[in-house]
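The values are calculated or read from the model by the stated rules, or taken from the named source; none is laboratory data. None of the values given here were measured: they were computed from a predicted structure. Positions of Cβ are generated from backbone atoms using ideal geometry, with glycine treated the same way; all protein chains shown enter the neighbour counts. We work out accessible area using only protein heavy atoms, side chains counted, and drop any ligands, DNA or RNA first. Shrake-Rupley method; radii C 1.70, N 1.55, O 1.52, S 1.80 Å.
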Amino acid sequence: KKKMFKRILFPITLFSALISGTPLEKTSEQHPVLPTRQQAVFSAEVLKLISDIEKTGIAQIVKLPENERNVEDVVMKTGKDSPYLPVVQMHGMGDFADNPMGMIPLKNAISKELNETYVKNVALGSSIPTDMMGSFIETMGREVDIFAEAVQKDENLANGFNAVGYSQGNLIIRGFIEKYNNPPVKNWVSIHGPLVGVAGFPQCNFTSEICQLFDNFLGEAAYQSLSQHVLAQANYYRDPLRIPQYLSGNLWLPGLNNENSNNVSYTTNFNNLTRLVCVKALEDTMIWPNESEWWGFYEDGSDKNLLKMEDTNWYKNDLFGLKSLVESNRYYTFTTPGNHLQFNTSFLLGLVDQFFK
């Protein structure tokens, strides 16, 4: 128990150490780890946090090739000034909305592709550290609520928007669609999202503090109340060998899947999507199984028999509207070669051209 409580104190201590200062500082020194944007560089504390998260082996940080990062800032059009719907992006685990390696250049590239339409990156905290760590120690339900608050108070999104999610960010978008969908999501592009959960985190480096949290709060303790309230990833951990415990103890994913309930509004909201686009990384070692990126998963009771989407219970019984969406020809799938979040800007802009115009 002492060991477990020590691990609980880690994120709390980390937060108190980091959020006391400003998230972004002007200095004369340029750090080689993280490229600077507009001559601003990150504080030593933020750089250390980025480095620590990357060392975990499970960081879901978008890092574009260097030649794709220098996209000029766009003067974005709002409201009726743009012929296209605005776009909202949601980052993955350990990433942050103001990331100059990925989230910011993608924001500018999407806006430029859509005639300078409005694009918003949602953050999970008021500073870079709280945004990054929020993806670990805020519950998934709370992350969905943060997303909802951010889009609902933005008048540029009042008439609806298109969404792009990266990795875990897609579960936040999915949660928003099913629980709120106000303002409505029209078209949703999921890049390598663990859409129906994960069966584990095999790439986690357990010498890191964050992965030691995973070690304590997943496994045998995953479906205990403490784990469910401490670690976001426990909320979408679906152990195929412990389905009864998952259904009774997991506080979030079974409800989202309508596996232990029948929330009609979730199904209605999901079916209000115009189109759903899901991208799977063919060599993904982060999302296990990567078939979850296309709504497939292990058969209940087995960690070897992998089911395609069409063979899962949530599809066959249309638990939350996925089958209805597919059968009405509003579901599209794509693949990328390589590992998790390895894609280039031109691939994403191709999807933007096809589905957001």
Would you be able to tell me the number of residues in the range 50-69 that are in contact with a Lys or Arg (Cβ under 9 Å, 6 or more places away or on another chain) and loosely packed, with under 14 Cβ neighbours inside 10 Å? 0
Considering only the range 76-113, state which residues are of a type in the set (Gly, Ala, Ser) and at negative phi. 82, 92, 97, 102, 109, 111
Taking the conditions exactly as written (within 27 Å of residue 203 (Cβ to Cβ), open to solvent by less than 50 Å² (accessible area, probe 1.4 Å) and either touching a Cys at 6+ places or on another chain (Cβ under 6 Å) or modelled with pLDDT of 95 or more (or both)), does residue 320 satisfy them or not? no
For the range 186-195, check the following and say yes or no: at least one residue is touching a residue at least 12 places away in the same chain (Cβ under 8 Å), of a type in the set (A, V, I, L, M) and either out of contact with any strand residue (DSSP E or B) (no Cβ under 8 Å at 6 or more places or on another chain) or open to solvent by 20 Å² or more (accessible area, probe 1.4 Å) (or both). no
Where residue 355 falls short, out of the listed (1) open to solvent by less than 60 Å² (accessible area, probe 1.4 Å); (2) in contact (Cβ under 8 Å) with a residue 24 or more places away in the chain; (3) in contact with a helix residue (DSSP H, G or I) (Cβ under 8 Å, 6 or more places away or on another chain): (3)
Checked the range 256-276 for anything buried (at least 20 other Cβ atoms within 10 Å of the Cβ) and not in a loop (DSSP other than H, G, I, E, B); matches are 256, 266, 269, 270, 276
Return the pairs, sorted by first residue and then second, in which the second residue is surrounded by 14 or more Cβ atoms within 10 Å (Cβ to Cβ), the first residue lies in the range 320-347 and is without any contact (Cβ under 8 Å) to a residue 40 or more places away in the chain, the beta carbons are less than 6 Å apart, and the residues are 6+ apart or on different chains. 323/315
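For (1) surrounded by fewer than 18 Cβ atoms within 10 Å (Cβ to Cβ); (2) among the charged types (D, E, K, R); (3) under 19 Å from residue 236 (Cα atoms), each residue gets a yes or a no:
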{"residue": "303", "(1), (2), (3)": "yes, yes, yes"}
{"residue": "307", "(1), (2), (3)": "no, no, yes"}
{"residue": "310", "(1), (2), (3)": "yes, yes, no"}
{"residue": "315", "(1), (2), (3)": "no, no, yes"}
{"residue": "325", "(1), (2), (3)": "no, no, no"}
Could you list all residues from the range 176-200 that are in contact with a Phe, Trp or Tyr (Cβ under 6 Å, 6 or more places away or on another chain) and in a loop (DSSP other than H, G, I, E, B)? 195, 196, 197, 199
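Out of the residues in the range 77-92 that are more than 18 Å from residue 146 (Cβ to Cβ) and polar (S, T, N, Q), state the one that is surrounded by the fewest Cβ atoms within 10 Å (Cβ to Cβ).
First, the residues of the range 77-92 that are more than 18 Å from residue 146 (Cβ to Cβ): 77-87.
Of the ones still in play, those that are also polar (S, T, N, Q) are 78, 82.
On the way: 78: 14, 82: 17.
So the residue we want is 78.
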Within the set of pairs 6 or more residues apart or between chains, which connect a residue that is of a type in the set (Lys, Arg) inside the range 66-90 to a residue that is outside any loop (DSSP other than H, G, I, E, B) with Cβ atoms less than 9 Å apart? 69/37; 69/104; 69/105; 77/111; 77/117
Which one is modelled with the lowest pLDDT among residues in the range 32-74 that are hydroxyl-bearing (Ser, Thr, Tyr) and in a loop (DSSP other than H, G, I, E, B)? 36
Among the residues listed as 141, 125, the single one being farther than 26 Å from residue 335 by Cβ and not in a loop (DSSP other than H, G, I, E, B): 141
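Could you please let me know if residue 291 is open to solvent by less than 50 Å² (accessible area, probe 1.4 Å) and of a type in the set (Asp, Glu)? First the steps, then the outcome.
Details: open to solvent by less than 50 Å² (accessible area, probe 1.4 Å): yes; of a type in the set (Asp, Glu): yes.
Criteria met by residue 291.
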Could you list, in sequence order, all residues of the range 321-342 that are under 24 Å from residue 356 (Cα atoms) and in a loop (DSSP other than H, G, I, E, B)? 321, 328, 329, 330, 337, 340, 341, 342
Give me the residue from the range 144-176 that is among the aliphatic types (A, V, I, L, M) and open to solvent by 10 Å² or more (accessible area, probe 1.4 Å) and, out of that set, farthest from residue 93 (Cα to Cα). 158
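Here's a check for you: in the range 93-137, which residue that is among the aromatic types (Phe, Trp, Tyr) and touching a Pro at 6+ places or on another chain (Cβ under 8 Å) is most open to solvent (accessible area, probe 1.4 Å)? If you could, list the steps in order and put the result at the bottom.
The initial filter retains those residues of the range 93-137 that are among the aromatic types (Phe, Trp, Tyr), namely 96, 118, 136.
Checking the rest, the ones that are also touching a Pro at 6+ places or on another chain (Cβ under 8 Å) come to 118, 136.
Details: 118: 42, 136: 2 Å².
Among those residues, the one meeting the criterion is 118.
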